[in-house]
Amino acid sequence: MRAESRTNSQQSLPTLPDDDPVYEIPPNNERCLTGNGTNCLKVTVSVDFSGLLRPRSLAGEVSIGFIQLPSSTITWEIFDAELFKLFDDYMAKIDSNKALELNSHESIIGYEFGDFIRDIETNSAPSPIPADVLTHNHDIRIYLRGDKFNLLILTDQMIKLIN
């Protein structure tokens, strides 16, 4: 590949609005933005090798896509299911043969958004419904069990080496 072609391709990539290190940019068709761009939340997986639910860790993150802001009729269980589906869809893209055997229900221990934590294992939540605390100012950072996280990072790095 010529260097000029590679430079032109990189200039056409969409950019993400925050300064956090992100290792993959989801395709444009995964973005769910309206005219004002405030009806979606960016979802990432924390790059934290501990496998613990630690809020505000200084780890980087892998972007897996975007999810709609929840309405007042959405429960935590429904919102969890939407996040799990996003994670499973992402895994289907990077591990289509399912060799890693990663799935959301066995891998995700919880997620962070703003100053709040949702612990999947204890079913704890900061409010009765997600719409009470989730706003367009929040990104969602998913935390995985330690062994599951290591598999995801290795796969993501291998894909980058191949490309």
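Using θ = phi - 60° and the Karplus relation 6.51 cos²θ - 1.76 cosθ + 1.60, list the HN-Hα couplings for segment 65-82 in order, rounded to whole Hz, with x at every Gly or Pro.
With the stated coefficients, segment 65-82 comes to x, 10, 9, 5, 4, x, 7, 6, 9, 8, 8, 4, 5, 5, 5, 4, 4, 5 Hz.
Rank these for me by crowding, Y90, Y143, going from fewest to most other beta carbons within 10 Å.
Values: Y90 23, Y143 27.
So the residues, fewest neighbours to most, are Y90, Y143.
Any read-out appearing in this document is the output of simple, stated calculations on the displayed coordinates, not a laboratory observation. This one's a predicted model, so the numbers in the text were calculated from it and none came from an experiment. Glycine gets a Cβ as well: all are built from the backbone with ideal geometry, and neighbour counts include every protein chain shown.
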